[in-house]
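Only one structure is covered here, and it is reproduced in the block below.
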Amino acid sequence: MEETAHNIIIPVKGMTKGAHSFSFAIDGKFFQTFGNTRIKDADCSIKADVVRHSTLMSVVCHIGGFVVVECDRCLDDLVLKVDVDRTLTVGFGSVDIDDSVEEEDVLVISEDDGEVDISQFVYDYICLSLPIMKVHPDGKCNPEMIKRLAPQTEKPAAAADSPFSALKDLLNE
């Protein structure tokens with residue numbers, strides 16, 4: 001079993017050319033390090049498939065698991081599935097990433113760096129995979145809260161005694 005990570009670091013120093021694979025696991029504390037209070041808890045596994053070339057490195061991130069957020073409708077906990085596959089291209093030194101690289105995620109590091117921290121990218125990948133509206137499926141929200149959110153059908157008695165009720169009578173004449 002992988003140890004839960006707060007930083008997702010891929011060692012680069014001494015890495016030979018070719019394919020390598022790394023596994024990480026994250027929980028709710030990972031999101032707290034970024035100051036994210038919307039994600040209450042998480043259980044995600046990250047598999048980073050790395051292909052090292054002389055001046056470039058391709059990191060394919062496979063992220064699966066779940067995050068727990070607050071439902072926008074009833075405020076109860078909502079478990080959302082996470083399933084993300086994204087590619088990060090890492091360049092070494094002053095390498096020029098040309099237009100032939102179709103990936104959107106590009107990181108250039110110094111040739112002297114011994115490791116690559118992809119924590120920010122993993123955080124972004126997960127957050128961007130979540131829906132804008134985080135709500136339970138219909139009928140699954142907290143019924144107590146839904147009842148409170150239902151529109152009130154009774155008119156308050158004080159409305160009849162308001163000074164504007166006389167103006168309403170003028171419109172009817």
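The values are calculated or read from the model by the stated rules, or taken from the named source; none is laboratory data. Values in this document were obtained by computation on a predicted structure and should not be read as measured data. Here the Cβ is made from the backbone with ideal geometry for all residues, glycine too, and neighbour counts use every protein chain on show. These accessible areas exclude ligands, DNA and RNA; they are computed on the full protein's heavy atoms, side chains included. Shrake-Rupley method; radii C 1.70, N 1.55, O 1.52, S 1.80 Å.
Out of all the residues in the range 112-128, which are exposed (fewer than 13 other Cβ atoms within 10 Å of the Cβ) and farther than 30 Å from Ser54 by Cβ?
Residue satisfying the conditions is Leu128 alone.
Looking at this structure, is Pro131 at pLDDT below 95 and either more than 25 Å from Pro11 (Cβ to Cβ) or loosely packed, with under 14 Cβ neighbours inside 10 Å (or both)?
The answer is no for Pro131.
Would you check which residues across the range 1-27 are in a strand (DSSP E or B) and either of a type outside the set (Ser, Thr, Tyr) or at pLDDT below 90 (or both) and list them?
Thr4, Ile9, Ile10, Pro11, Gly18, Ala19, His20, Phe22, Phe24, Ala25, Ile26, Asp27
Which of the strands (runs of 3 or more DSSP E) contained wholly in the range 28-123 include at least 2 residues that are polar (S, T, N, Q) and at negative phi?
77-92
Within the range 40-76, work out how many residues are within 13 Å of Tyr123 (Cα to Cα) and open to solvent by less than 10 Å² (accessible area, probe 1.4 Å).
Number of matching residues: 6.
For the range 87-96, does any single residue satisfy the condition of being small (Gly, Ala, Ser), open to solvent by 60 Å² or more (accessible area, probe 1.4 Å) and either closer than 21 Å to Glu111 by Cα or in contact with a Ser or Thr (Cβ under 6 Å, 6 or more places away or on another chain) (or both)?
Yes: the range 87-96 contains one or more residues that are small (Gly, Ala, Ser), open to solvent by 60 Å² or more (accessible area, probe 1.4 Å) and either closer than 21 Å to Glu111 by Cα or in contact with a Ser or Thr (Cβ under 6 Å, 6 or more places away or on another chain) (or both).
Based on what the data block shows, is Phe34 among the aromatic types (Phe, Trp, Tyr) and open to solvent by less than 50 Å² (accessible area, probe 1.4 Å)?
no
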